[in-house]
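Enquirer: Quick one: the structure is below, and I'll ask about it shortly.
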Amino acid sequence: MIVSVNWLKKFVDINGSVDELATLIGARLVEIESVTDLAAKYRDVVVAKVVECENLEGSDHLHVTKVDDGGKVADVERDANGLVQVVCGAPNVAAGQTVAWLPPKTVVPETFNSSEQFILGARKMLGVMSNGMIASARELDLYEDHTGIVVLDDSLAAGSSFAEALELNDYLLDIENKSLTHRPDAFGVVGFAREVAGIQGKAFRTPDYLQDLTPQFDSDGSVEAPVVKIDDPTLADRYQAIILAGAQEGAQSPIDVQTYLARVGLRPISAVVDVTNYLMLETGQPLHAFDYDKLVQVAGGKAEIHVRAGRKGEKLELLDGRTIELSTEDIVIAAGDTPVGLAGAMGGASTEIDANTKNIIIESATFNLYKLRATQMRHGIFSEAITRFTKGQPAALTAPVLAEAVRLMGKYAGAWAVSAVAEDYPGKHEPSTIELSLGQVNDVLGTKFTLDDVRQTLTNVEFKVETSEQKMRVTAPYWRADIHIVEDVIEEVGRLNGFDNITPSLPERDFEAVRETDFDNLRARLRQILLLGGANETLTYSFVHGDEMKKALQDPSNAYRVTNSISPDLQYYRQSLTPSLLGLVHMNIKQGFDDFALYEINKIHLKSDGLNDENVPIERSSLALVVARRKSLNGAPYYAAKRYADLLFDKLNIEVIYEPLTENDAISAPYEPRRSAIIKTLDGEKLGVVGEFKRSVQMAFKLPQYAAGFEIDTIGLLNLSQAAKFDYTPISRYPGTERDICFQVKDDVTYQQVVDATQAALDKVNLDTSLAPLDIYRPDAGDFKNITLRIGLTSHKTTLTSEAVNAVIKRVADYVVATLDAKVI
C-alpha cells in the first residue's frame, strides 16, 4: 500500500522530517518498506503559458508554440518578448493554455528511475528550433495517457513550480500492510492520518462527512429506487445503492485528483470512476458504479439487485476481459437473476461504465471478508478494492461515503440523484464498550500512566472515554471493530505512546522453568532414533488441497474445510501425514536423491473424530515415514519401511504384532492391503499401519516402484514407552552363530504366521536368539511359497557346537512343520 504524505497533511499536521515520521510509524503502527521522494523527478518542470501556437510548415501534426515561463529558466534562447519557442506534436495544444514545460537539460520524469535517463536539449525539428518539450501525462509519469498534453488550471502563475502547483513535492510511503490485516480503517488516508496524529500525541478530528452516519441525500425523486435484497445475511452486512442521472459524457476529474490517484498507483479513467477510487483511498470504503440502463436491460426491464451466492455452472465476464466460472462460495451481485459483478472483487462487463453512460447506480456495501479472501485466491484478483474488503469494512461507513460520492459526482461529472437510497442492512453492530481500571493498564504495560494520560491517548484517536475514580468505560468508534476485550484497549495505550518508551524492569515475581513434558521427550527421542537410522525430518503444511487427499484415496468430506484459506492449495486440514510426505518424494528424486527416507511428526484432524469439550476439532498426534529408491533393488520395499518401524520399537522397548491389513480408513487408505500390515499392541489395540502403496497412489504421486512407509499414533507410542521395562543383559563372551532355514508353506499362510511359529519355538530355547527375514519366493504357478528366515543363536555359558546348533534348528523346524503343515527345504 502506498501512502502519500501530502495527502496525510490534508488531515493532520506532521512534526519533524519525513525520515522521523517513517521511523515513528515503523515503531508504533506498521513497517515501512521504503520512502520515495516524488519531488525529485519534477524538480526542473515549470508551469508555462502558451502565448502563440501555429502549425509548423511542412508537417501534418507539429505546432510551433511560444511559451511564457515568467523568465524563470536561465540559459535558454528567448525572443524579443522573452518567450521561449517549443515545437509540440500534441493535437490538443492551443494558445492560451497553461501547461507543464520541460526546459532543456531536464530529465523526462517518465525515465527518471530508469537506467537510461532521457535528458532534453535544444534541437531543430524540420529546421525550427525547439527548446525542451510540453509534456503529456505519460511523459510526466503521472499516468498512461499520451493522446495530448496536460492542460493545467489557468490560475497557476507562469514560472511557478509544477511540483508545488500539483502538490507533487511529496513523499510516498510504501507500507508493508500484512500487519494491518485487522485494521480496515488504516487502509484509508483518513484512518492512517488518525493514527499518525495519535502516535504524535495529537487530537484528531474525522472529517464531518464521515461522522454523519445517517446523511440526507438530495434527490429529485424522478426514478423509483432500485429493489435491493441480500438473499443470505451471512454474505453481507449492508448493501446500499442510489441512481444518478446526467453524467456528462467524457467528464474528467480535476488534475489534482488525477495526480493523487496516479501517485499511489491507480490510473485515472473518468470523473465517475475517479470519484469511486478517490473515496476508496481516502476512506478505505470501496464503491462501484454500474451503468443503470445496462443493468435494467440485463434484469429484464426492472432495477432489481440481489446479493447472493454464485451457482454451480454460472459464468461471468469481468471488466478485465476474463470470463470466470463462479463457485458456490463466491458472492455475486445479480441484476434480477443474472450475475453482473463479483462482489467486492470486480464488476462485470455487461454493466460497465463507458463514454455513452448517462445514468449510473452507485453501490456502497460490505461483504463477508472470509468469502472474499477465498474468492481473491480462487480467481486471482488482487485489486485495491478487494484488498480493503478482505480486512472487514464497517457497515456504518457505507452511508457517509455514498453521500460524499453523490456530492463529488455532481461536482465533477454533473450528475444528480434521481432516486432515494435503496438499502438492505441485516448486519447492524453496536459499538464495543469495555470497562477497565487504571491499575490494569499499568500492571500489564509496566507503566505509571495517570488516568488523564490514558484518557488523552484514547480520545486523541476518537475513542469515547468515561472515567470514575480510577476506572474507565471505553467505547470504540464504529471503525474499530478489532476492539473486543480489555487487553485490546491496553495494547492501544501502549502502542500509541510507544512500547519503546516503556522503562524496562524485571518482573517482581518468581519464575520457574517450564519442564519438558513426557510427550516432548518422546518426540525428541523419536527424532534421535530416526536420525540414527538415516531418515530426514520434514515439516509440511497442516493444510492440504482436496486433490492431494483424493490422490491418496482419502475422502475430503471427512476433512475440515478452511473457510479463509491462505491459498487455494491449502483448503483442508489433513487427515494423515502420509500424503504430504508422498508429495515430496518425486520432487527429491528430481533433485538427484536416489535413496532416502523422509519422516514428519505432527498433528492430524479427522471429522469422524468429532469435537472436544471446547467445540473444536479433536487433534491426533502422528508420526509418518516414507522410504524411496529411484531404482528397485532385490526385496520388497515393505521390509525397508518395517525396518525403520522395528528400529523405533526396539529402541523404545515396545513389543508389537503385525497383522494383515483388512480395514480401509483415512490412515490406511493409501496402502496396498496385500503388501501392508496393521501394527497392533500385544493387547490388540491398533497403533498404525506399515506397507507399500496402491498402484493408483504410486501413479498419482509419481512414486518410484520402490516406495513404502508407515504412519503411527505417537500418543499410543507414548503410553507404551511409559509402560515399557528395560532389562539389562551383558553381551556374551562367546561367539554366536547364524543359520538360514527355508519353510515351504501353503499360499494362504502368511509370513507373519511363519515368524510367530518360529519365534514361539525359539522362546523355549535357553539362548539369546534373533530372527530376520531373508527371502520370500512364490512361483507363478502353484499353491505354495517358500519363506527363508535367518536365525541367530548365542550362548552366555559356552561356545556353541554344531551339534547343539543343529538340535535347536531341528526343534524349531519340527515345531513350525507341525504347527503350519510346512516343509523344510
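The values are calculated or read from the model by the stated rules, or taken from the named source; none is laboratory data. Fair warning: this is a prediction, and the values are worked out from it, not measured in the lab. Note that we place each Cβ from the backbone using ideal geometry, even for glycine, and neighbour counts take in every protein chain shown. For the accessible areas, the whole protein counts, side chains as well, though only heavy atoms, and no ligand, DNA or RNA atoms are used. Shrake-Rupley method; radii C 1.70, N 1.55, O 1.52, S 1.80 Å.
Enquirer: Look at the range 96-107 and say how many of its residues are within 13 Å of residue 73 (Cα to Cα) and either in contact with a His (Cβ under 7 Å, 6 or more places away or on another chain) or open to solvent by 10 Å² or more (accessible area, probe 1.4 Å) (or both).
Expert: 2
Enquirer: Among what's in the range 235-259 and is more than 30 Å from residue 426 (Cα to Cα) and touching a Phe, Trp or Tyr at 6+ places or on another chain (Cβ under 6 Å), pick the residue that is surrounded by the most Cβ atoms within 10 Å (Cβ to Cβ).
Expert: 253
Enquirer: Here is a further query. Just to verify a result, which residue in the range 468-485, among those that are closer than 19 Å to residue 198 by Cβ and in a strand (DSSP E or B), is most open to solvent (accessible area, probe 1.4 Å)? Before the answer, list the steps.
Expert: Of the range 468-485, the ones closer than 19 Å to residue 198 by Cβ are 472, 474-483.
Of the ones still in play, those that are also in a strand (DSSP E or B) are 472, 474-475.
On the way: 472: 7, 474: 3, 475: 26 Å².
Result: 475.
Enquirer: Given 638, 599, which one is in contact (Cβ under 8 Å) with a residue 12 or more places away in the chain and within 24 Å of residue 541 (Cβ to Cβ)?
Expert: 599
Enquirer: Which of the residues belonging to the range 747-783 are within 58 Å of the chain's Cα centre (by Cα) and assigned to a strand (DSSP E or B)?
Expert: Scanning the range 747-783 gives 769, 770, 771, 772, 773, 774, 775, 776, 777.
Enquirer: Please find, within the range 534-571, the residue that is nearest to the chain's Cα centre (by Cα) out of those that are in a strand (DSSP E or B) and of a type in the set (D, E, K, R). So that I can check it myself, show each step before the final result.
Expert: Our first condition is that a residue be in a strand (DSSP E or B); within the range 534-571, this holds for 536-537, 543-544, 561.
From what is left, the residues that are of a type in the set (D, E, K, R) are 537, 561.
Working: 537: 26, 561: 16 Å.
Looking at residues that are in a strand (DSSP E or B) and of a type in the set (D, E, K, R), I get 561.
Enquirer: So, one more: Just need a number here: residues in the range 468-503 that are under 27 Å from the mean Cα position of the chain (by Cα), touching a residue at least 60 places away in the same chain (Cβ under 8 Å) and under 19 Å from residue 448 (Cα atoms).
Expert: The number of residues fulfilling the criteria is 1.
Enquirer: Related question: Within the range 648-657, take every residue that is open to solvent by less than 20 Å² (accessible area, probe 1.4 Å) and not in a helix (DSSP H, G or I) and give me the one that is nearest to residue 753 (Cα to Cα).
Expert: Taking the range 648-657 as the starting set, the residues that turn out to be open to solvent by less than 20 Å² (accessible area, probe 1.4 Å) are 648-649, 652, 654.
Those still in the list that are not in a helix (DSSP H, G or I) too: 652, 654.
Values: 652: 24, 654: 20 Å.
This residue is 654.
Enquirer: Within the range 360-388, how many residues are of a type outside the set (S, T, N, Q) and open to solvent by less than 10 Å² (accessible area, probe 1.4 Å)?
Expert: Restricting attention to the range 360-388, the residues satisfying the condition of being of a type outside the set (S, T, N, Q) are 360-363, 365, 367, 369-374, 377-382, 384-386, 388.
When the remaining residues are screened for being open to solvent by less than 10 Å² (accessible area, probe 1.4 Å), the result is 360-362, 365, 372, 381, 386, 388.
So the count comes out to 8.
Enquirer: Show me the helices (runs of 4 or more DSSP H) entirely contained within the range 242-303 in which 1 or more residues are of a type in the set (Lys, Arg).
Expert: 255-263, 292-298
Enquirer: Name the residues in the range 645-662 that are closer than 24 Å to residue 699 by Cα and either out of contact with any Pro (no Cβ under 9 Å at 6 or more places or on another chain) or of a type in the set (A, V, I, L, M) (or both), would you?
Expert: 661
Enquirer: Show the residue pairs meeting these rules: Cβ distance below 8 Å; 6+ apart or different chains; first residue within the range 734-752 and of a type in the set (Phe, Trp, Tyr); second residue in a strand (DSSP E or B) and open to solvent by 50 Å² or more (accessible area, probe 1.4 Å).
Expert: Listed by first residue and then by second, the contacts come to 743/823; 743/824; 751/773; 751/776.
Enquirer: Let me ask you something else. Of all the residues that make up the range 486-504, how many are part of a helix (DSSP H, G or I), surrounded by 11 or more Cβ atoms within 10 Å (Cβ to Cβ) and not charged (D, E, K, R)?
Expert: Looking only at that region, the number is 8.
Enquirer: Filtering the range 505-518 down to residues that are outside any helix (DSSP H, G or I) and at pLDDT 85 or above, which residue is nearest to residue 719 (Cα to Cα)?
Expert: 517
Enquirer: Suppose we filter 93, 87 for residues that are β-branched (Val, Ile, Thr), open to solvent by less than 50 Å² (accessible area, probe 1.4 Å) and outside any strand (DSSP E or B); which single one remains?
Expert: 93
Enquirer: Mind counting the residues in the range 580-635 that are part of a strand (DSSP E or B) and either in contact with a Phe, Trp or Tyr (Cβ under 8 Å, 6 or more places away or on another chain) or surrounded by 13 or more Cβ atoms within 10 Å (Cβ to Cβ) (or both)? It would help to see each step written out before you state the result.
Expert: Quick first cut of the range 580-635, residues part of a strand (DSSP E or B) only: 595-604, 611, 617, 620-629.
Then drop every residue that is not either in contact with a Phe, Trp or Tyr (Cβ under 8 Å, 6 or more places away or on another chain) or surrounded by 13 or more Cβ atoms within 10 Å (Cβ to Cβ) (or both), which leaves 595-604, 617, 620-629.
The number of residues fulfilling the criteria is 21.
Enquirer: In the set 669, 645, which member is buried (at least 16 other Cβ atoms within 10 Å of the Cβ) and not in a helix (DSSP H, G or I)?
Expert: None of the other options fit; the residue is 669.
Enquirer: Exactly one of these conditions fails for residue 158: (1) part of a loop (DSSP other than H, G, I, E, B); (2) open to solvent by 40 Å² or more (accessible area, probe 1.4 Å). Give me its number.
Expert: Of everything listed in (1) part of a loop (DSSP other than H, G, I, E, B); (2) open to solvent by 40 Å² or more (accessible area, probe 1.4 Å), residue 158 misses just condition (2).
Enquirer: Any residue at all in the range 415-424 that's within 15 Å of residue 492 (Cα to Cα), touching a helix residue (DSSP H, G or I) at 6+ places or on another chain (Cβ under 6 Å) and surrounded by 16 or more Cβ atoms within 10 Å (Cβ to Cβ)?
Expert: No.
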